[in-house]
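Novice: If you scroll down you'll find the structure; I have some questions about it.
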Amino acid sequence: MLDNLIIFVLAAFVGFEVISKVPQTLHTPLMSGSNAISGITIVGALVVAGMVGGTWSKWLGFVALIAATINVVGGFLVTDRMLQMFKAREQRAPARTEQTKTAEVATAS
Amino acid sequence: MKTTLIDLTYLVAAALFIFGLKQLQSPKTARRGNQLAALGMLLAVVATLFLHKIITPIEMIAGLVIGGTIGAVLARRVEMTAMPELVAAFNGFGGLASALVATAEVARYLIPESSGLALAALLPAIEQVPFDAVQAITVVLSVLIGLVTFSGSFVAFGKLGGYITGNPVIFPGLRLLTLLVALGGLVAMGFVVAGADAFPTVADPVVWGIVALAGLALVLGVLLVIPIGGADMPVVVSLLNSYSGLAAAATGFVLDNTALIVSGALVGASGLILTRIMCEAMNRSLLNVLLGGFGGEAGDGAAVAAAEGKTVHEATVEDAAILLAYANKVIIVPGYGMAVAQAQHQVRELADLLQERGVEVKYAIHPVAGRMPGHMNVLLAEANVPYDQLYEMDEINDEFATADVALVIGANDVVNPAARYDKNSPIYGMPILNVDQAKTVLVLKRSLRPGYSGIENELFYLPNTRMLFGDAKESLIKLINEIKNL
């Protein structure tokens, strides 16, 4: 139990460190992606749905497995769908790049 | 040996999650990051299949196929504008799964003695742990958090999707009822923990305690989210996201599974960070948001009354087109209205047109614009707006003074100058985009009706503001045609 608590606290710190640096632009994909990761419960659902036996366990596990799989599959796919839309300027309007960059420099200075 | 290998695989999965999240720090690597995290999940699932002997393969496969199909169809079909409610729904499913797994873990002890013994021989790893008070605490936490996440997320889903009113739903005694339900939940939790030592010989207190707790948690989730108004949904969605992670972590404690604990902690942290950012962007405490009752659309009467004695400068499409076409620099400020009108493609078209004419175009994104963190960014990305044209509030606020036109499309509270000085305003102190410092502010809006906060926006009455009334999408189409003809 104590070991698990230590792991939990350390993982939370890692999470804070890594996620604090995610830019605002990516907050929605961050949310849906991390949401998909929380579907890791699928691991537990697999065990109770398929490996434990006992009617109650099995059916609770079955519903849990469906819910967790929706979360995991849907979450990762929709995040991917969103992320493939994020494109940088270079790919679309190359003629424009130089001009706007100069303008940015001008306003910055 | 086999268990060690599986545990190592879980460790690899957890590492992939962390690495995947790290790659989300840049739009360039983000997609690969998400794929890495998905790979981690696949590894964890495959490893689990080798954990024990599979007793009921049909249920297992059916569960995976049904869930996978539903998830895939939803993920592919749903419109980008419906993204907030979809994220809320997925979140709810995650919470439900965590709660059910923890419950099933208890149900497992109820297997009749004979088959239970046979099982013990078969599955030493999962039969060994005796049910004790500590185990009970983890179970009740998992059930509580998981089911609050579940019902809360689906209320949020209903509000975001417009299936139930986005206004705060408050009735007399709501707070008292919420408190009583929460207390009832605590009592039920106490029952389960107290009965843990005698379990499973004396099963009733634990079983009924969990059933009662489950019911109360579901009600609690509803009661916690209904009083919160639509504009505060970014906070709610982030917080529920965090809960779903905590529920997974609690289930990890129940199952003694490191992969669940690590992932749950990561997601819990991620949700909390987003929650904090959203609250700061509104200058309100989390408690203030959660207590709810903020906002909702004000009565039309009040808005009309307040509007009397002030002049609104209405612009025609022609005026607006000339303003934009002959500007040097235009900053576009999108808001929830753009999402409602699904006008993101027209926004991009207009921006392209202006850029072709040599106008410098930038986008200013307020952190709480829309209904979830980063909502505007996703919509504009869908319309192929390069992400490096989007600027966060702090980056661009000083630039409004040098802009010829600030084009406000369906944004309201996030550009209300009253937030700066009017101490009586509910949004006082909220950081806003300084659109009023632009030479001209062009506001595309349906009417003078206040935004979700229900507050009159004095920006609309400023001498340098021009209002172009109408649906954002239609107005933009007209503007685009007009500029083409110039």
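Novice: Please give the number of the condition B:Ile70 fails out of (1) touching a helix residue (DSSP H, G or I) at 6+ places or on another chain (Cβ under 6 Å); (2) more than 7 Å from chain A (Cβ to nearest Cβ).
Specialist: Failing condition for B:Ile70: (2).
Novice: Let me ask something else. Of all residues in the stretch B:360-372, how many are in contact (Cβ under 8 Å) with a residue 60 or more places away in the chain and among the basic types (Lys, Arg)?
Specialist: Initially, the stretch B:360-372 is screened for residues in contact (Cβ under 8 Å) with a residue 60 or more places away in the chain, giving B:364, B:366-368, B:370-372.
Retained after the next criterion (residues that are among the basic types (Lys, Arg)): B:371.
Summing the residues that are in contact (Cβ under 8 Å) with a residue 60 or more places away in the chain and among the basic types (Lys, Arg) in the stretch B:360-372 gives 1.
Novice: Residue under question is B:Thr103, and the condition is that it be touching a residue at least 12 places away in the same chain (Cβ under 8 Å), β-branched (Val, Ile, Thr) and in a helix (DSSP H, G or I); does it hold? Quick ask: steps written out before the conclusion?
Specialist: Working: touching a residue at least 12 places away in the same chain (Cβ under 8 Å): yes; β-branched (Val, Ile, Thr): yes; in a helix (DSSP H, G or I): yes.
Taking the combined requirement at face value, the residue satisfies it.
Novice: Just the residues that are part of a strand (DSSP E or B) and of a type in the set (Gly, Ala, Ser), please, taken from the stretch B:371-416.
Specialist: At the first step, the residues of the stretch B:371-416 found to be part of a strand (DSSP E or B) are B:390-392, B:405-409.
Across the stretch B:371-416, the qualifying residue is only B:Ala406.
Novice: State all residues of the stretch B:239-255 that are facing chain A (nearest Cβ under 7 Å) and in contact (Cβ under 8 Å) with a residue 60 or more places away in the chain; if no residue qualifies, say none.
Specialist: Within the stretch B:239-255, B:Asn241, B:Ser244, B:Ala248, B:Thr251, B:Phe253, B:Leu255 qualify.
Novice: Follow-up. With B:Tyr428, B:Tyr421, B:Tyr461, B:Tyr391 as the choices, which residue is hydroxyl-bearing (Ser, Thr, Tyr) and in contact with a Phe, Trp or Tyr (Cβ under 7 Å, 6 or more places away or on another chain)? Let's see the steps before the verdict.
Specialist: Details: B:Tyr428 fails: in contact with a Phe, Trp or Tyr (Cβ under 7 Å, 6 or more places away or on another chain); B:Tyr421 fails: in contact with a Phe, Trp or Tyr (Cβ under 7 Å, 6 or more places away or on another chain); B:Tyr461 fails: in contact with a Phe, Trp or Tyr (Cβ under 7 Å, 6 or more places away or on another chain).
Step by step, each of B:Tyr428, B:Tyr421, B:Tyr461, B:Tyr391 is checked, and only B:Tyr391 is hydroxyl-bearing (Ser, Thr, Tyr) and in contact with a Phe, Trp or Tyr (Cβ under 7 Å, 6 or more places away or on another chain).
Novice: Taking the stretch B:373-389, which residues are touching an Asp or Glu at 6+ places or on another chain (Cβ under 9 Å) and among the aliphatic types (A, V, I, L, M)?
Specialist: The one that is touching an Asp or Glu at 6+ places or on another chain (Cβ under 9 Å) and among the aliphatic types (A, V, I, L, M): B:Ala383.
Novice: For the stretch B:54-67, how many residues are closer than 18 Å to A:Gly54 by Cα and within 7 Å of chain A (Cβ to nearest Cβ)? I'd like the intermediate steps shown before the answer.
Specialist: Pass one, the stretch B:54-67, residues closer than 18 Å to A:Gly54 by Cα: B:54-63.
Within this subset, residues satisfying the condition of being within 7 Å of chain A (Cβ to nearest Cβ) are B:54-57, B:59-60, B:63.
Number satisfying all stated conditions: 7.
Novice: Without any contact (Cβ under 8 Å) to a residue 40 or more places away in the chain, closer than 21 Å to B:Val211 by Cα and either touching a Lys or Arg at 6+ places or on another chain (Cβ under 8 Å) or crowded, with 21+ Cβ neighbours inside 10 Å (or both): which single residue out of A:Ala64, A:Ala88 fits that description? Let's see the steps before the verdict.
Specialist: Numbers: A:Ala88 fails: closer than 21 Å to B:Val211 by Cα.
Criteria check complete, one pass: A:Ala64.
Novice: Within the stretch B:14-34, can you find the residues that are farther than 19 Å from A:Gln24 by Cβ and at the interface with another protein chain (Cβ under 7 Å from one of its Cβ atoms)?
Specialist: Those that are farther than 19 Å from A:Gln24 by Cβ and at the interface with another protein chain (Cβ under 7 Å from one of its Cβ atoms): B:Phe17, B:Ile18.
Novice: For the structure I just gave you, tell me whether A:Ala12 is free of Cβ contacts under 8 Å to residues at least 60 places away in the same chain, at the interface with another protein chain (Cβ under 7 Å from one of its Cβ atoms) and either surrounded by fewer than 24 Cβ atoms within 10 Å (Cβ to Cβ) or over 20 Å from B:Ser244 (Cα atoms) (or both). Walk me through it before giving the result.
Specialist: Details: free of Cβ contacts under 8 Å to residues at least 60 places away in the same chain: yes; at the interface with another protein chain (Cβ under 7 Å from one of its Cβ atoms): yes; either surrounded by fewer than 24 Cβ atoms within 10 Å (Cβ to Cβ) or over 20 Å from B:Ser244 (Cα atoms) (or both): yes.
Answer is yes for this residue.
Novice: Among the helices (runs of 4 or more DSSP H) lying completely within the stretch B:317-357, list those that include at least 3 residues that are charged (D, E, K, R), out of contact with any Cys (no Cβ under 7 Å at 6 or more places or on another chain) and within 13 Å of chain A (Cβ to nearest Cβ). Working first, answer last.
Specialist: Values: elements: B:317-325, B:336-341, B:344-356.
Where helices (runs of 4 or more DSSP H) fall fully within the stretch B:317-357 and carry at least 3 residues being charged (D, E, K, R), out of contact with any Cys (no Cβ under 7 Å at 6 or more places or on another chain) and within 13 Å of chain A (Cβ to nearest Cβ), they are B:344-356.
Novice: I'd like to know if the stretch B:215-225 contains one or more residues that are within 21 Å of B:Val46 (Cα to Cα) and in contact with a Ser or Thr (Cβ under 9 Å, 6 or more places away or on another chain). Steps first, answer last, please.
Specialist: Of the stretch B:215-225, the ones within 21 Å of B:Val46 (Cα to Cα) are none.
No - not one qualifying residue is present in the stretch B:215-225.
Novice: Here is a list: B:Leu186, B:Leu174, B:Leu224. Which entry is free of Cβ contacts under 8 Å to residues at least 24 places away in the same chain and more than 14 Å from every other protein chain (Cβ to nearest Cβ)?
Specialist: Numbers: B:Leu174 fails: free of Cβ contacts under 8 Å to residues at least 24 places away in the same chain; B:Leu224 fails: free of Cβ contacts under 8 Å to residues at least 24 places away in the same chain.
Residue meeting the stated conditions: B:Leu186.
So that you can scan it fast, the table gives a plain yes or no per residue for (1) surrounded by fewer than 24 Cβ atoms within 10 Å (Cβ to Cβ); (2) touching a residue at least 40 places away in the same chain (Cβ under 8 Å):
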| site | (1), (2) |
| --- | --- |
| B:Arg348 | yes, no |
| B:Gly358 | yes, no |
| B:Gly374 | no, no |
| B:Leu379 | no, yes |
| B:Glu382 | yes, yes |
| B:Asp388 | yes, no |
| B:Glu392 | yes, no |
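Novice: Ok, one more. Could you identify the single residue in A:Val47, A:Val18 that is facing chain B (nearest Cβ under 7 Å) and either within 12 Å of the chain's Cα centre (by Cα) or surrounded by fewer than 24 Cβ atoms within 10 Å (Cβ to Cβ) (or both)? Walk me through how you get there before you give the answer.
Specialist: Details: A:Val47 fails: either within 12 Å of the chain's Cα centre (by Cα) or surrounded by fewer than 24 Cβ atoms within 10 Å (Cβ to Cβ) (or both).
That would be A:Val18, the only listed residue that is facing chain B (nearest Cβ under 7 Å) and either within 12 Å of the chain's Cα centre (by Cα) or surrounded by fewer than 24 Cβ atoms within 10 Å (Cβ to Cβ) (or both).
Novice: Given the condition surrounded by fewer than 17 Cβ atoms within 10 Å (Cβ to Cβ) and facing chain A (nearest Cβ under 7 Å), answer yes or no: does some residue in the stretch B:87-103 qualify? Walk me through it before giving the result.
Specialist: Step one: of the stretch B:87-103, the residues surrounded by fewer than 17 Cβ atoms within 10 Å (Cβ to Cβ) are none.
No, the stretch B:87-103 contains no residue that is surrounded by fewer than 17 Cβ atoms within 10 Å (Cβ to Cβ) and facing chain A (nearest Cβ under 7 Å).
FYI, it's all coordinate maths here, none of it is from the lab. Here the structure is a predicted model, which is why all the values come from computation and not from measurement. Here the Cβ is made from the backbone with ideal geometry for all residues, glycine too, and neighbour counts use every protein chain on show.
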